[in-house]
Amino acid sequence: MRKLRIHLAIVALTGLLTPFSSVFAQKIFKDWPMGTEPAAIGLFVANHYVSGPFYNFGNPGQPQSITYPEVCTWYGALQFAEASGNKDLAQKLALRYEPLLAQSQSLVPRADHVDHSVFGAVPLELYLQTNQSKYLEAGKAFADQQWQLPDNPQASQQEYQSKGLSWQTRMWIDDMYMITLLQVEAFRATGNKEYLDRAAREMVVYLDAMQQPDGLFFHAPDAKFLWGRGNGWVAAGMTELLSVLPSGHADRTKIMDSYKKMMAGLKKLQDKNYMWHQLLDDPTSFAETSCTGMFTYSIIVGVKKGWLDEKEYGLVAKNAWTTLVKYINESGDVKDVCEGTNKKNDQQYYLNRNRVTGDLHGQAPVLWAAAALLAN
């Protein structure tokens, strides 16, 4: 159970009770075709995840440290365990952390990069679900260090810090999830509005700099391509932030308008099979599952919370979910996931990315979406 005092603090900040639409799931998200039920799919994928070793970007052997796709999948599995009330799964996910407290502490990443710092979201979520202070201390340290300049900082890092941003800012759209999730989880765990303000300030700067007239996002200022998963990170990051951002917050209107603009742009680009593609504006590029899962999650939450019109977006999300689950094989692995991708000013680079089966970039959003469908 999440701590009552934290819940009350968040309610006090928002000044509102949870909207009716977020308490009762819409009819559109019920009566699932056989084999697509969110409870069954989520459990299948979560059990597959928790039974496996730590992820090493598809390479054999243990990673040097926990990777960000692991974090996103672990977080998704924890969200699913909570939404489904599965205490056995929740316990297994907590036990997965135990080696990091003892013999495998070296697996804990250093808080020296945006992709490493997001690790803190896992202990923070474990704290929210177990109320054990050891998790809070570990996770909060990552959130705090994201705003504390390192020794011998670079000039660009000092400049970002002087503007009230994280020194880990790099203006890749991936960051709009990585930074957001960590700071939002720190807010959820502590009730400290500073974490929320950090996430909102960072998000607005990225939105102002990078959102295009059609609502979508280039991967980076020097990589002007509408990469699917990169846009998925943006959509999921805004969804996480808007889920806790108070109605009276100075940045909420800006972020909500950007979210709705993005969802409208995405709706136009969903293909006839209800998928989205590796390059969103190139229907000849392959239908890609990680971005499809991320967009599905974001639209589900938007519909359930009343941000998006159910009649306009409900079937967009439901059809995407029922198609996406067909890409899960008998082992619980999601197929056709774009491999890990850096930015590059070369369209062919994005078109040539390998399609991977079982990559955690694809497992994670299936769990986010399943949890969102089950959550009140």
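The values are calculated or read from the model by the stated rules, or taken from the named source; none is laboratory data. Quick caveat: nothing in here was measured; it's all calculated off a predicted structure. So basically every Cβ, Gly included, is an ideal-geometry build from the backbone, and we count neighbours across all protein chains shown. With ligands, DNA and RNA removed, areas are computed over all heavy atoms of the protein, side chains included. Shrake-Rupley method; radii C 1.70, N 1.55, O 1.52, S 1.80 Å.
Summary of values
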item: Mean Cβ neighbour count within 10 Å, used as a protection proxy, ranking 236-248, 167-179 highest first; result: 167-179, 236-248
item: Karplus 3J(HN,Hα) series, Hz, for region 337-347 with 6.51 cos²θ - 1.76 cosθ + 1.60 (x for Gly, Pro); result: 9, 4, 4, x, 9, 8, 7, 7, 7, 7, 4
item: Residues whose placed amide H lies under 5 Å from that of V356, excluding near-sequence neighbours; result: D336, V337, C338, E339
item: Qualifying lysines (Cα of each under 21 Å from Cα of K163; at least 8 residues distant if same chain); result: K193, K254
item: Burial ranking of peptide ranges 31-43, 331-343, 297-309 (average Cβ count within 10 Å, highest at the top); result: 297-309, 331-343, 31-43
item: Over the chain, relative contact order from alpha-carbon pairs under 8 Å, at least 6 apart, %; result: 22
item: Candidate aspartates and glutamates - alpha carbon under 19 Å from K134, same-chain residues fewer than 8 apart omitted; result: E98, E125, D144, E185
item: Gaussian network model of the chain, springs between alpha carbon atoms under 10 Å - residue of K267, K318, K87 with greatest fluctuation; result: K87
item: GNM result for the chain, Cα springs below 10 Å: residue of A287, A77, A223 fluctuating most strongly; result: A223
item: Residue-averaged [θ]222 nm for the chain, counting only DSSP H segments that reach four residues, each worth -39500 (n - 2.57); result: -17500 deg cm²/dmol
item: Label selected from (i) 18.6; (ii) 20.1; (iii) 17.5, the criterion being mean projected area of the Cα convex hull in nm² as computed here; result: (iii)
item: Cα gyration tensor shape for region 211-334, rounded if a/c is under 1.5, else prolate or oblate; result: oblate
item: GNM top mover of L128, L324, L101 - the chain, alpha-carbon springs below 10 Å; result: L101
item: 24 Å Cα-Cα threshold exceeded, pairs from K261/K326; K272/K326; K268/K305; K27/K326; result: K261/K326
item: Within the chain: Cβ-based charge dipole about Cα centre, in debye rounded to nearest 20 (Lys, Arg +1; Asp, Glu -1); result: 800
item: Karplus (6.51, -1.76, 1.60) ³J(HN,Hα), θ = phi - 60°, over region 278-285, in Hz, Gly and Pro reported as x; result: 3, 10, 4, 9, 10, x, 7, 6
item: Fraction of accessible area attributable to carbon and sulfur, the chain (%, probe 1.4 Å); result: 51
item: Low-density loop cleavage sites - GluC sites (Glu not before Pro) in region 96-192, where at most 10 other Cβ are within 10 Å (DSSP); result: none
